[in-house]
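To start, the structure itself, in structure tokens.
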Amino acid sequence: MRLFVGIAFPDDIRARLAMLQAGIPGARWIRAENLHLTLRFIGEVDGGQARDIDAALDAVKAPSFALAFSGLGCFDRKGRVHTIWAGIGKSEPLMRLQAKVETALVRAGLAPEGRKFLPHAALARMKNGLAHGHKIGAYLEANNLFAAGPFEVGRFTLFRSHLGGAGAHYEAIAEYPLAA
């Protein structure tokens, strides 16, 4: 099974994010029900590893906190945009939670994450970012003042990703409450 750890957004925040999803030809917009903040991508694991991961995440203790969105951006490889995202404003509690999740997963036997954590919600994937570079730039400029929230984060979630022809579907398989 293919797993990741994330934070699900409230319906009103997902609706605000979904309103940004237009204006770039060729973009594959993420379905509103799939919008989330990834704390750590895990990948393919077997049932035994999944149980170890669940136990490790269940031991993570952290306080609840508020998050807010601030601005848009993109990820690129060699000048080709592959992901457009909405950024999360600075949050020390979020950074501490992510570090605790990472530590728990390494203790459960996963290799450490090699990439630096940049809190965001992916809005779209691009097949050919270079071909639409001017449209992507105009889109980011037109929406760069986007803000939403704050909203309360009271739990984080272990998700299973089901890949299919119509795109991924995410299933929450365990939730871990944060202290009030």
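The values are calculated or read from the model by the stated rules, or taken from the named source; none is laboratory data. Computed from a predicted structure; not experimentally measured. Please note: Cβ atoms are built from the backbone with ideal geometry, for glycine as well, and neighbour counts cover all protein chains shown.
Could you list all residues from region 68-88 that are under 20 Å from Gly154 (Cα atoms) and free of Cβ contacts under 8 Å to residues at least 60 places away in the same chain?
Within region 68-88, Gly87, Ile88 qualify.
Inspect all residues belonging to region 104-119 and state whether any of them is surrounded by 14 or more Cβ atoms within 10 Å (Cβ to Cβ) and closer than 21 Å to Glu33 by Cβ.
Yes - at least one qualifying residue is present in region 104-119.
Here are Ile53, Ile24, Ile42: which of them is touching a residue at least 24 places away in the same chain (Cβ under 8 Å), in a loop (DSSP other than H, G, I, E, B) and surrounded by 16 or more Cβ atoms within 10 Å (Cβ to Cβ)?
Just one listed residue meets the conditions, Ile24.
Based on this model, can you work out whether Lys61 counts as of a type in the set (Lys, Arg), closer than 19 Å to Phe151 by Cβ and in a loop (DSSP other than H, G, I, E, B)?
Spelling it out, it is not the case that Lys61 is of a type in the set (Lys, Arg), closer than 19 Å to Phe151 by Cβ and in a loop (DSSP other than H, G, I, E, B).
Can you tell me which residue among Ser91, Ser161 is at pLDDT below 95, polar (S, T, N, Q) and under 17 Å from the mean Cα position of the chain (by Cα)?
Ser161
Go over the candidates Ala62, Ala32 one by one and state the one that is more than 14 Å from Arg155 (Cα to Cα) and of a type in the set (Gly, Ala, Ser).
Ala32
Determine, yes or no, whether Val106 is over 15 Å from the mean Cα position of the chain (by Cα) and either farther than 21 Å from Ala174 by Cβ or not in a loop (DSSP other than H, G, I, E, B) (or both).
It is true that Val106 is over 15 Å from the mean Cα position of the chain (by Cα) and either farther than 21 Å from Ala174 by Cβ or not in a loop (DSSP other than H, G, I, E, B) (or both).
Which numbered condition in (1) among the hydrophobic types (A, V, I, L, M, F, W, C); (2) in contact with an Asp or Glu (Cβ under 8 Å, 6 or more places away or on another chain); (3) buried (at least 16 other Cβ atoms within 10 Å of the Cβ) is the only one that Ala66 fails?
Failing condition for Ala66: (3).
Restricting attention to region 3-11, does a residue exist that is of a type outside the set (Phe, Trp, Tyr), crowded, with 18+ Cβ neighbours inside 10 Å and at pLDDT below 95?
So far as region 3-11 goes, no, none of its residues is of a type outside the set (Phe, Trp, Tyr), crowded, with 18+ Cβ neighbours inside 10 Å and at pLDDT below 95.
Please count how many residues of region 140-177 are in a loop (DSSP other than H, G, I, E, B), in contact (Cβ under 8 Å) with a residue 24 or more places away in the chain and among the small types (Gly, Ala, Ser).
3
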